[in-house]
Structure formats: structure tokens, C-alpha cells
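The values are calculated or read from the model by the stated rules, or taken from the named source; none is laboratory data. What you see is a predicted model, and the numbers here were worked out from it, not measured in a lab. Positions of Cβ are generated from backbone atoms using ideal geometry, with glycine treated the same way; all protein chains shown enter the neighbour counts. Quick note on the areas: whole protein, heavy atoms, side chains included, nothing else; ligands and nucleic acids left out. Shrake-Rupley method; radii C 1.70, N 1.55, O 1.52, S 1.80 Å.
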Amino acid sequence: MQSVERCALRLDDTVGERIVELASSPIAAVAVRELLSNAGGVVRDGWDGDFWQLDRAFPDRAELLRIAADDSAVLGRNERFKYSNVGYSLLGLIVEQVSGTPFRDYVIAHVIGPLGLTDTGPDLDEARRGDYAAGHTALAYANERIPIDHIDTGAMSAATGLYSTASDLARYAAAHFEGDDRLIGADAKRQMQHGEWKIDGTESDYGLGFEIVTIGDRRVLGHGGGYPGHITRTYFDPKDRMAVCVFANAIDGPALGMATAAIKLVDLARRSEPDPAAAGAGAVDLETFCGRFASLWSVYDIAVLGGRLYQLSPGLVDPTLAPTRLDVVDSDTLRIADTVGYGSRGETMTFDRDSDGSIRSVRGGSGSIAYPIDQFRAAIAGRDRVTLGAPIRPG
């Protein structure tokens with residue numbers, strides 16, 4: 001899109017025009033816009049994508065061109081959304097052709113550098129190998145995870161190679177907020193953020209490089225990221241100037257669910273009306289009730305959202321699905337003001353504290369006692385069975 005703004009590239013330019021080796025290939029007529037919107041009908045990873053399983057190295061330029069020349073046209077152009085890592089890898093080659101600069105160098109000079117992203121790079125950097133979180137296998141096929149070695153992604157850097165941190169990626173997302181022209185201008189942003197195709201099997205659309213999703217009443221843009229042993233999800237709201245990035249260093253990490261939940265928690269906070277007990281003379285500090293607590297039956301969080309206390313279940317994919325609203329009675333007592341039908345509406349939760357104000361235990365809800373999670377975890381670690389008269393209780 002930077003090249004389009006400079007009039008060095010048109011979105012209607014084709015693969016054959018920009019990559020001479022593919023001028024007579026099956027995808028020669030696929031346009032840049034179609035690659036960006038995943039509407040080119042291009043094969044996802046080639047017919048042998050086992051480099052994703054570390055069977056061999058990721059394709060270099062020569063192998064990528066062979067894949068594109070031999071077996072890349074799977075569907076007709078503009079039939080439907082069809083995700084393609086090969087397509088995005090070819091976009092990396094087009095950036096090289098237009099700019100006269102290797103893709104990795106271009107990204108450093110024109111994206112990473114201008115945004116000051118000190119913990120981001122275009123592919124495996126041996127000098128920083130010790131900084132990388134180790135990727136891991138999934139639990140779907142084994143009882144324990146094992147590490148997966150970091151590898152360079154070769155000519156597929158544009159599709160999967162970049163490393164970063166959640167905070168750096170949030171800074172990148174911020175460059176796509178309205179009014180921020182550090183990378184591209186308003187017109188290019190509108191083109192990227194406009195839905196081009198419906199993504200089959202979802203309620204989402206796809207623009208030029210961004211998935212477009214509605215979470216609750218909020219329209220957000222973003223993308224997932226995959227690399228052997230890692231999965232990520234980023235969402236941003238360009239109007240509200242908010243970004244959420246979740247990185248997981250396991251193939252089955254819950255990045256998507258956690259990013260979605262984070263958006264929903266923010267919106268729950270914004271809908272909440274502050275508890276009157278937290279304002280004015282004699283106000284109670286809501287933070288003194290907060291923490292993660294555990295009993296034999298459950299783990300729950302007490303958190304402040306929008307000036308109101310809530311009891312939330314961290315194990316739920318969507319912790320806002322059935323939040324329990326808590327009202328302050330006094331400095332050691334909360335009342336369950338609103339909850340689901342099977343909850344304990346109207347009952348109280350009482351907090352037993354040490355002399356410094358820290359919480360020893362909470363009794364409430366079902367009448368059961370719960371303890372700060374670290375204390376409960378330590379207590380259960382020394383047990384091999386729960387027996388009558390000997391419950392799990394911190395010493």
C-alpha cells in the first residue's frame with residue numbers, strides 16, 4: 001500500500017507483470033488486490049506443505065517460484081475468499097521488485113524503523129535467538145508438550161516470518177488508527193479496512209490484509225498469526241483507538257479466545273455504572289476486594305470493571321457471558337446483586353483479612369470458603385487425596 005501511495009504500484013497490476021518468472025504461469029493474471037484480499041484462488045501452501053512440520057526448510061525464492069508456476073491455481077480468480085500463504089509470499093516478492101530492496105530490508109526501513117519497534121524483526125535473527133519464547137506442540141495428541149525449534153521462513157517471510165512482542169504489535173496496530181499517517185494515509189487505510197470478501201463459515205469479512213470482525217457491538221480489524229509452535233491474534237478498533245494482541249507459544253494456544261474476551265471485558269467495563277460506595281466521603285477502595293480465589297469446586301476472579309466489582313470465571317471462553325455483579329456493603333462485605341439463575345443472587349460474600357488488609361479467605365456465593373489462588377495451589381500440592389474431615393485448606 002505504501003507503493004500504491006507512491007504510484008509505484010497499482011492494485012490492478014498482475015503477478016505476471018511484476019514477477020517475470022511467472023509471466024506464463026497459471027496465476028499470471030492474478031492481481032495484487034486479489035492476492036491482498038485472498039481472492040486469487042491461489043494454493044494455500046503448495047501441495048507439499050510439510051515444511052510447516054519441519055520436514056525440511058521453508059521454501060527459498062526458487063522453490064516458491066516453482067510452487068507458483070506449477071501448481072498454484074486452485075480456484076478461479078474472484079470466486080471466493082481462499083486464504084493463501086503462497087499468495088502473501090508472492091506479495092513479498094512484488095515488494096522487492098517494486099522497491100529494488102530485499103523484503104526484509106524494506107520492512108525494517110519502512111515499517112519497523114518509523115514506528116520504533118525495537119523488539120520486532122522480519123525473520124529469525126540468530127543474534128536474538130536467546131530472546132525468543134520457545135514454541136511448543138499441542139496437547140491434542142500428547143499428554144505433555146515438547147519444544148519446537150525456531151527456523152527461518154525463507155521466501156515466506158511476508159506470510160509468516162516476523163517476530164515481535166505483544167506490545168510492539170499493538171504499536172503497529174496503532175499506526176492503523178484514524179488520524180495516524182506514520183505508515184500510510186487515510187485513503188490507503190480505507191481501502192485496507194473495507195470488506196472485500198465474506199469469509200465462508202464465519203460472520204467475518206476480509207479486506208486488504210485485515211480480517212473484519214464484529215465483537216458485540218464493536219467492529220474490529222486484525223489477523224491471526226501462525227508459526228511452528230506459536231499462534232497469535234491481534235484486533236484493533238481504528239475509531240476507538242484500541243488494540244489487543246495475544247501471543248501464545250503453543251500451537252493450540254488460546255490466542256483467539258483471549259483476544260476476543262479482552263475486547264468484551266473492555267466493553268463490559270464501559271457499560272458498567274460505578275458503585276456509589278466507591279465515591280465520596282467514606283468511600284471503599286474496590287481494589288481491596290480484588291484477586292483470584294479457589295475452592296475445591298471453582299476458581300474465580302473478583303475484578304473492577306468500569307468502577308464496579310464483578311465476579312468472573314477465568315475458565316470460560318467468554319468470561320462476560322454471565323458476569324456476577326457485586327455491590328459493596330462495607331469494607332469486608334459484598335452483596336451478589338446480579339447473576340445467572342443458578343447463582344446466589346442476594347447473598348453476601350465476606351472477606352477475612354490479615355492485619356495488613358490482605359485477604360485470607362472469602363466465604364460466600366454457595367456458602368463455601370475460597371482462598372487466594374497461590375495459597376490454595378500450595379495446599380493442594382502437598383496432598384494425594386481429599387478425605388472427609390480433611391478438606392484442602394491453606395495452613
Q. Is it true that R80 is touching a residue at least 60 places away in the same chain (Cβ under 8 Å) and of a type in the set (D, E, K, R)?
A. yes
Q: Scan the range 167-183 for residues that are within 26 Å of D125 (Cβ to Cβ) and open to solvent by less than 40 Å² (accessible area, probe 1.4 Å) and report the count.
A: 7
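Residues to consider are Y235, Y310, Y342; find the one that is more than 30 Å from P147 (Cα to Cα) and surrounded by 21 or more Cβ atoms within 10 Å (Cβ to Cβ).
Result of the check over Y235, Y310, Y342: Y310.
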Q: Report yes if I373 is modelled with pLDDT under 95 and among the aliphatic types (A, V, I, L, M), otherwise no.
A: no
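Quick grid of which residues meet (1) buried (at least 19 other Cβ atoms within 10 Å of the Cβ); (2) in a loop (DSSP other than H, G, I, E, B); (3) within 21 Å of the chain's Cα centre (by Cα); (4) touching a residue at least 40 places away in the same chain (Cβ under 8 Å):
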site	(1), (2), (3), (4)
L90	yes, no, no, yes
H110	no, no, no, yes
T118	no, yes, yes, yes
G130	no, no, no, no
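Could you please give the count of residues in the range 363-376 that are of a type outside the set (S, T, N, Q), in a strand (DSSP E or B) and over 33 Å from the mean Cα position of the chain (by Cα)?
So the answer is 3.
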(Q) I'd like to know if the range 140-157 contains one or more residues that are in contact with a strand residue (DSSP E or B) (Cβ under 8 Å, 6 or more places away or on another chain), of a type in the set (A, V, I, L, M, F, W, C) and without any contact (Cβ under 8 Å) to a residue 24 or more places away in the chain. (A) yes
Q) Could you say whether any residue in the range 361-381 is open to solvent by 70 Å² or more (accessible area, probe 1.4 Å) and in contact with a strand residue (DSSP E or B) (Cβ under 6 Å, 6 or more places away or on another chain)? A) yes
